[in-house]
Number of protein chains: 2
Amino acid sequence: MTPTITAFATSPDRGKGLARDMRVRWALEEVGQPYDVRLVSFEEMKQPAHLALHPFGQIPTYEEDDLVLFESGAIVLHLAERHAGLLPDDANARARAISWMFAALNTVEPPIVERSMIGLLERDETWYAQRLPAVEGRLRKRLGELSRRLGDADWLDGAFSAGDLMMVSVLLRSKSSGILDEYPNLSAYVARGEARPAYQRAFAAQLAVFETQGRA
Amino acid sequence: MTPTITAFATSPDRGKGLARDMRVRWALEEVGQPYDVRLVSFEEMKQPAHLALHPFGQIPTYEEDDLVLFESGAIVLHLAERHAGLLPDDANARARAISWMFAALNTVEPPIVERSMIGLLERDETWYAQRLPAVEGRLRKRLGELSRRLGDADWLDGAFSAGDLMMVSVLLRSKSSGILDEYPNLSAYVARGEARPAYQRAFAAQLAVFETQGRA
């Protein structure tokens, strides 16, 4: 059965590929798995039918026969475990690629989200200018550590994996702050991810949703 | 070979079980895998030898033969996949348990850490009292959603799993804010986790480190 994912009917990022369905679309494209998309409005996301699929009322969800999953990390890992192309065959290399997935989501994404949130929620507050340097400092610390580890390698640990897919997806959310540009090897790493045909197909698919549905 | 994990020589939480080695110790105890611990100072964590194991200079790390892992989520998942006791046998239930691990780390932990951080870093700032309600509001939103999903069940999805281990570990970090007490079913859920013999052995082990090493 073709799996179905959910995505924003009207994505707040206006089709820039930053919503979390993009990670799942990219993984589906990498492994060559066709999928259906069910668009949900912000109103529908708070209704019992959607909350039964996703306890936190977010997107994406993933439905395949009688399996329902939520959390982009879990869905990408599920796809990576069941299809070739996103995890190495060697057991140790596989475990390390999964480490990078968790690092992307639990260590690198939080300071990126913190930087986004101060811009969205606190820009007009009296403390914005005073608090911003600390927030950006925490982001630079993490990106500096990641940049040092990546060095001049193409990907984080050998061939492209689900760990890179998740890390590139997370780093893309720091682009608008301008801070990613301070780390040329990370910018190039993100560009390598964006250049992958599977990324481009996934990006085009989510942009098409915005162009047809999102012009509200 | 007995695996080796790293932990703080002097844990900032003074042995209260909130450092991330606790999650790995708990998982090791649940599956009955003996382990060694190498204590590292804050100074050592920034040195090349430790950064080779953990690119972000944190604890825990996990070494087993020639495998090196970092990120508590990845280590717990590695243990859960290789030993019985932390993931159900049914493939769908297994994928759902892994969803809860990611939910704990990527959806529930960030607002808990944000609440901790405002207390640690911004308590003396002029904006503390004004910003705190928004931070606590974000935490209450997530805990409310989790509380509704848990309902009166013992665990998040059937039997105790690595998803519960991670969720309880994350929720424990919100205890000191007092906000966890507003959700009696979540408090009881955390207490059920703490009551497990494996949790208690892990807790005692990390407390013993503080009592012998940490009284600096």
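Across chain A, C-alpha contacts under 8 Å between residues 6 or more apart give a mean separation that, scaled by the residue count, equals a relative contact order of 29 percent.
For chain B, the Stokes-Einstein estimate of translational diffusion at 20 °C and a viscosity of 1.002 mPa s comes to 119 µm²/s, using the Kirkwood hydrodynamic radius over alpha-carbon pairs. A straight line joining the Cα centroids of the stretch A:17-86 and the stretch B:27-99 runs 26 Å.
Measuring from each Cβ of chain B to the axis carrying B onto A, the nearest residue and its distance in whole Å come out as B:Trp127, 2.
Where does the stretch A:91-196 land on the Kirkwood hydrodynamic radius, alpha-carbon pairs, in angstrom? In the stretch A:91-196 this quantity evaluates to 14.3 Å. The ranking of B:Thr107, A:Thr2 from fewest to most other beta carbons within 10 Å of each one's beta carbon is A:Thr2, B:Thr107.
Note on A:Trp26, B:Trp100: ascending count of other Cβ atoms within 10 Å places them as B:Trp100, A:Trp26, the fewest first. The three principal axes of the C-alpha atoms in the protein assembly as shown carry coordinate ranges of 64, 52, 51 Å, sorted with the longest axis first.
Which values of log₁₀ I(q)/I(0), to two decimal places, follow from the Debye formula for the stretch B:6-84 at q = 0.16 Å⁻¹ with a uniform point scatterer at every Cα? Each listed q maps to, in turn, -0.57. The trypsin sites (Lys or Arg not before Pro) of the stretch B:43-151 that DSSP puts in a loop, and whose beta carbon has at most 15 other beta carbons within 10 Å, are B:Lys46, B:Arg123. Only helices enter the 222 nm calculation for chain B: every DSSP H run of n ≥ 4 contributes -39,500 (n - 2.57), and dividing by all residues gives -17000 deg cm²/dmol, rounded to 500.
Computed from the coordinates by the stated procedures, all read-outs in this text should not be read as laboratory data. Keep in mind that what you see is a predicted model, and the values were worked out from it rather than measured. Glycine also receives a Cβ, built like all others from the backbone with ideal geometry; neighbour counts cover every protein chain displayed.
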